Amino acid sequence: MTVRAKKHLGQHFLKDEQIALDIASSLTEKGYDTVLEIGPGMGVMTKYLLKKKYTTYVVEIDTESVEYLQNTYLNLVPRIISKDFLKIDLSELFNKQFAIVGNFPYNISTQIVFKTLEFKELIPEFSGMFQKEVAERIAEKEGSKKYGILSVLAQAFYDVEYLFTVPPTVFDPPPKVDSGVIRMRRKEDYSLPVDEKLFFRVVKTAFGQRRKMLRSSLKSLNLSDTLRGSELFTKRPEQLSVKEFINLTSFIENDAH
């Protein structure tokens, strides 16, 4: 039995064993003994994960892939979660630290990152393959056009490394673009010194009008004239480091209206 790649699920099956092994091996295995693979498809990476010391779970929305995995990896059967990853409450599934790994479907890859951030208390490590442009964006530093909401929010809580680039030829069917693999490791101290909801709001609002200076793009936050007159507010969002975004949020939090 082989599984047909389904366009509506954004499936591109990895067929290169070495790359599958490289992604599986990119996990450091520090600080957790459980791993969740998202979108295993026909298990090209799963078989390498199963050889490791940790316990592997997989989550797969495609029923055809689930059936294939059940028939092929009998010892994995009790840990195959046949659901949509984006709809699972991860804290109900795991009450301890676990890592995430996968060859992520392009069409939901950024949502996978946002969901990881939502459950960051449980996820010390995250490694996987994205469309190259998205992988670069997550790892990008300030001062670049690629630097944006994803970069700032991911790097506020995780150290992000761009590991390697993957050509379209190793997939079936081949996508139209290159892919990139990144690893995110949660910072030792990942609690923010500011209100987290406000931080997310400031970052998203600032990049919502990325060409404008912050004093214009953050107008909706009703800032005082004093604050809007400060030098930080003459910058554009892509010029601010993650630390400066945290400082910016702190100024807004303490701003006396």
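For the structure I just gave you, tell me whether K145 is charged (D, E, K, R) and either closer than 25 Å to E60 by Cβ or surrounded by 14 or more Cβ atoms within 10 Å (Cβ to Cβ) (or both). Taking the combined requirement at face value, the residue does not satisfy it.
Checked against (1) in contact with a Pro (Cβ under 9 Å, 6 or more places away or on another chain); (2) surrounded by fewer than 20 Cβ atoms within 10 Å (Cβ to Cβ); (3) not assigned by TED's automatic domain parsing to the domain that holds I23, K176 passes all but a single condition, namely (3). Here M42 fulfils each of the conditions (1) more than 15 Å from F126 (Cα to Cα); (2) of a type outside the set (S, T, N, Q); (3) over 19 Å from the mean Cα position of the chain (by Cα); (4) modelled with pLDDT of 95 or more apart from (4). Among the conditions (1) over 23 Å from F119 (Cβ atoms); (2) surrounded by fewer than 16 Cβ atoms within 10 Å (Cβ to Cβ), the only one that L248 does not satisfy is (2). For the stretch 205-232, the set of residues classified as surrounded by 15 or more Cβ atoms within 10 Å (Cβ to Cβ) and charged (D, E, K, R) consists of R215, R228, listed by residue number. Here is the figure for the stretch 59-107: residues that are of a type outside the set (A, V, I, L, M, F, W, C), within 16 Å of the chain's Cα centre (by Cα), surrounded by 13 or more Cβ atoms within 10 Å (Cβ to Cβ) and modelled with pLDDT of 95 or more total 1. Is it fair to say F171 is modelled with pLDDT under 95 and either buried (at least 16 other Cβ atoms within 10 Å of the Cβ) or touching an Asp or Glu at 6+ places or on another chain (Cβ under 8 Å) (or both)? Yes; evaluated as a whole, the condition is true for this residue.
The helices (runs of 4 or more DSSP H) falling completely within the stretch 37-154 that include 3 or more residues that are of a type outside the set (S, T, Y), in the same structural domain as A20 (by TED's automatic domain parsing) and in contact (Cβ under 8 Å) with a residue 24 or more places away in the chain map to 63-72, 109-118, 132-139. Any residue that is surrounded by fewer than 17 Cβ atoms within 10 Å (Cβ to Cβ), of a type outside the set (K, R), touching a residue at least 12 places away in the same chain (Cβ under 8 Å) and not assigned by TED's automatic domain parsing to the domain that holds A99 - is there at least one of those in the stretch 233-240? Among the residues of the stretch 233-240, at least one is surrounded by fewer than 17 Cβ atoms within 10 Å (Cβ to Cβ), of a type outside the set (K, R), touching a residue at least 12 places away in the same chain (Cβ under 8 Å) and not assigned by TED's automatic domain parsing to the domain that holds A99, which makes the answer yes.
Here is the figure for the stretch 187-204: residues that are surrounded by 14 or more Cβ atoms within 10 Å (Cβ to Cβ) and either under 30 Å from M42 (Cβ atoms) or over 20 Å from the mean Cα position of the chain (by Cα) (or both) total 3.
Filtered by the rule that a residue be crowded, with 22+ Cβ neighbours inside 10 Å and not β-branched (V, I, T), the stretch 22-41 gives A24, L36, E37, G39, P40, G41. Number of residues in the stretch 16-36 that are more than 13 Å from S127 (Cβ to Cβ) and either part of a strand (DSSP E or B) or touching a Gly at 6+ places or on another chain (Cβ under 8 Å) (or both): the value is 1. Count of the stretch 203-232 residues, restricted to those that are aromatic (F, W, Y) and closer than 10 Å to I252 by Cβ, is 0. Can you tell me which residue within the stretch 158-168, out of those that are within 22 Å of L117 (Cα to Cα) and of a type in the set (A, V, I, L, M, F, W, C), is surrounded by the fewest Cβ atoms within 10 Å (Cβ to Cβ)? So, considering only residues that are within 22 Å of L117 (Cα to Cα) and of a type in the set (A, V, I, L, M, F, W, C), the one surrounded by the fewest Cβ atoms within 10 Å (Cβ to Cβ) is L163.
The values are calculated or read from the model by the stated rules, or taken from the named source; none is laboratory data. Note that the structure is a prediction, hence the values are computed from the model and not measured. In this analysis, Cβ positions are derived from the backbone assuming ideal geometry, glycine residues included, and neighbour counts consider all displayed protein chains.
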